[in-house]
Structure formats: structure tokens, C-alpha cells
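The values are calculated or read from the model by the stated rules, or taken from the named source; none is laboratory data. For clarity, every value in this text was computed on a predicted model and none was experimentally measured. FYI the Cβ positions are ideal-geometry reconstructions off the backbone, even for glycines, and counts take in every protein chain you see. The protein model used for the area step is the full one, side chains on, heavy atoms only, and it has no ligands, DNA or RNA in it. Shrake-Rupley method; radii C 1.70, N 1.55, O 1.52, S 1.80 Å.
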Amino acid sequence: MALIKPTDLLCPKPEGLYCAPGDFYIDPVRPVARAVITHGHSDHARSGHGAVVATPQTLDIMAVRYGEGFAAATQPLGYGETATRDGVEISLAPAGHILGSAQAVVRWKGLTMVVSGDYKRSPDPTCPPFEPVPCDVFVTEATFGLPVFRFPPPQEAAQALLHSLQQFPERAHLVGVYALGKAQRLIALLREAGFDQPIHVHGALERLNALYEQWGVKLGTLAPATGSKADFGGQIILAPPSAIEDRWSRRFPDPINAFASGWMRVRARARQRHIELPLILSDHADWDELTSTISELRPQELWITHGREEALGRWAELNGIAARPLDIVGYEDDEET
């Protein structure tokens, strides 16, 4: 590793990870003058910054969610492109999390630090796969950083939903999905599994579905979730999780409540939400993906931004990698997992 310390390049502050030599933040949790944004989920991408650097897709997502004036200035940076500020090089590499998601690669005076944002290693037809970047310091999430979180192949979620549809063709299948990433991924998985019928969607999903389509992600025929009860027997309806628990859901005939999330690996969570059909589908790395990624990269230091820091930090130490939690407050506020 270079003679300079990693904290000379990046250090945690209340606003988020700060790069002093380049005077910018990565995924700040409050408005700052200059920000590099890894992806469009609202716990990482906030409005009100002076200038924002992100992938073109993430900038489009932020415009859809916050309006065109979400920042005073924006700079699109495609995968593999490099921007330089005061001698600090910034580039973005695919993170495999959602459309436009990126790892922020920061280089300065021979030191390379990679801030992963959120990431996963399982296949996703809606975004490029995670790209390992050799580095001195890897900054990882640990949302599912416990050995209990080992997820099945993502195709199983689509297969479970289609199997239930065959078993109960008279009932509506009401699936809770987060509006950005999870909804589009589940639709794409259903299409890959051969389901070519219209999928009904809550109005809150429509603009982001359209944006994914604009970026070349084919979602097939989608229809609004409006009409009479008789229209929805044997149909799949996707909606934000909050809508499933709302009066809105009463318009559907004897609905089977489903929920697509990594948290459905915990049966108690499914019971608490009265979920009849838990679909284990996460846009975050599970325990095996986290540990295999760290083993593949073999950084000299591992920084852990949020989630289950203690277990992953202990695993790293046992495997000869120095680890430290960053305790940045503000990530995971919207649980888009």
C-alpha cells in the first residue's frame, strides 16, 4: 500500500464519506457542495446537492424521483470513464445492484479505494453484473452480513410465483415490490421464465418502469392495476409494500399477499407482515457473496458502511484482512432491499 493512509483520501463525516484531496462526498446523507452518487435509492441519492457525478442512468432516476432540478449541476460519468479533481481520479464500475448502480473507484497518489455502494453478485437481467476492481481498501455494505442469509437462485422467486398462480388461478396475486429495482427485476425474471401475459402495476411503479424501458430493459406488456374485482382473478399485480397493507388492496379478489425481498429469508418477518407467499429475492449480496467478493479482492483493509458490521468484520479479521465499521447513519432508511 502507498505510504499515505487511507483516511488521507477518504474519511467518514456526519455527511458521509468525504474525500478531502478532491473536496467531494460519496453518497452523502445531507446536501453538500459536491457529491458522487453510487445509485438511485433514496438512502444513497438525495436531492439538494450543488453538483452531482453519477452514471447517466442514476441521474435519470434522480430526475424522475426528485424532479429535474434535484441538483444545481450534474456530470454524467459512464462505466469506465474517469473524471479528475485536484489530482484525485474518480471512475465508476458496475455494482450489479439496480439500473445505473456503480462502485466509486477513487485513486490518488498510488492508493486505490473502492466504495461499493450497494451490490450483489447474483444474475440480474436489468443491469450489468458486478465488476471486481483490484484495490487497497474496499468499502462494503453488510445489509445481509450474517451467515443465516444465504439466498436461493433469483429464478426461484419467479418460479414460486408462477407455481402459486397455477395452484390458485381464481385468486389475485398481489406482490409487494420496491418501486426502483425490485419491481423491474421481478418482471424481467417472470418474462425469462416464459410468462408473457400482462402484468398489472400500481401507479407508483409506472414512471420507473418507463425509465427502465427507455434504457433498453424489456418488461413486456404492463397494465394499470385498475378495474373491477372480476378483472383480476388469476392475475399478477405488483405494488409498493405499503399499498398491500392499505385499503387499495381490497379491490382484488381473495388476494394472495406476496412480498419479494431478501428479508423474506426470515420467516418471522413474513409472518409479521401477514405474507402468504414470501419470495426471497434480494438486490444485495448475501453472506456467501459478501465473503467471496472480499476473498476475491483481498484488500489490505475492509471498511464496512452499514448492516451487520460485527459478523463481517470478525470474518475478515479471521481471514487476515483488517476491518473497521464506519457507522454512517442514514443508509437503509427506506429498506429497499
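Remark on I304: its backbone amide H falls under 5 Å from those of T140, R324, L326, a criterion applied only to residues 5 or more positions apart or on other chains, H modelled at 1.01 Å from N. With contacts taken as Cα pairs under 8 Å at a separation of at least 6 residues, segment 62-149 carries a relative contact order of 21 percent. Between rounded, prolate and oblate, where does segment 61-119 land on the alpha carbon gyration tensor, with a ≥ b ≥ c its root eigenvalues, rounded for a/c under 1.5, else prolate if a/b exceeds b/c? Oblate shape, in that a/c is at least 1.5 and b/c is the bigger or equal ratio. Can you give me the Kirkwood hydrodynamic radius for the chain, using every pair of distinct Cα atoms, in Å to one decimal? 20.6 Å is the Kirkwood radius here. Please state the shape class of segment 99-248: rounded when a/c is under 1.5, otherwise prolate if a/b exceeds b/c and oblate if not, all from the C-alpha gyration tensor. Prolate, since a/c reaches 1.5 and a/b exceeds b/c. Stretching Q155 away from S292 to a fully extended chain increases their span by 47.2 nm, per 0.36 nm per residue minus the current alpha-carbon distance. Heavy atoms of the protein chains alone define the surface here; on that basis the chain has 40 Å² accessible area per residue at 1.4 Å probe size. One chain, two ends: W215 and R267. Fully extended at 0.36 nm per residue, the span grows by 15.2 nm beyond their Cα-Cα distance. Spin-label model, D246/E131: points 7 Å from Cα along the beta carbon direction are separated by 3.8 nm. For the chain, the longest principal axis of the alpha carbon atoms and the long axis of helix 287-297 meet at an angle near 30°. Result for the chain in a Gaussian network model with C-alpha springs under 10 Å: among A223, A323, A71, the largest mean-square fluctuation is at A223. Rank L99, L318, L326 by mean-square fluctuation in a GNM of the chain with C-alpha springs under 10 angstrom and give only the top-ranked residue. Greatest mean-square fluctuation among the candidates belongs to L318.
Taking all Cα pairs closer than 8 Å and separated by 6 or more residues, the relative contact order of the chain comes to 17 percent.
The length gained on full extension between K5 and S228, counted as 0.36 nm times the residue separation minus their Cα-Cα distance, comes to 74.0 nm. Here the accessible area of the chain is 49 percent carbon and sulfur, with a 1.4 angstrom probe and all protein chains present.
With respect to the cross-link table entries K5/K120; K13/K182; K5/K109, which display a Cα-Cα separation exceeding 21 Å? Flagged as over cut-off: K5/K120; K13/K182. With axes computed from alpha carbons, what is the tilt in degrees of helix 155-167 against the longest principal axis of the chain, rounded to the nearest 10 within 0 to 90? Once rounded, the angle reads 10 degrees. Considering amide H positions built from the backbone, and no H for Pro or chain starts, which residues 5 or more places from A223, or on another chain, come under 5 Å of its amide H? Here I199, H200, V201 satisfy the definition. Between E276 and R207, the FRET efficiency from the beta-carbon distance, with R0 = 25 Å, is close to 0.30. Round to the nearest 10 and give me the degree value, 0 to 90, for the angle of helix 309-318's Cα axis relative to the longest principal axis of the chain. Helix 309-318 sits at roughly 60 degrees to that axis. Prolate is the label for segment 1-94, because a/c, from the alpha-carbon gyration tensor with a ≥ b ≥ c as root eigenvalues, is 1.5 or above and a/b exceeds b/c. Here's how it looks for Q103: its modeled amide H is under 5 Å from those of A93, A95, which are all 5 or more places away or on a different chain. With each label modelled as a point 7 angstrom along the Cα→C-beta vector, the E192-V148 pair spans 2.8 nm.
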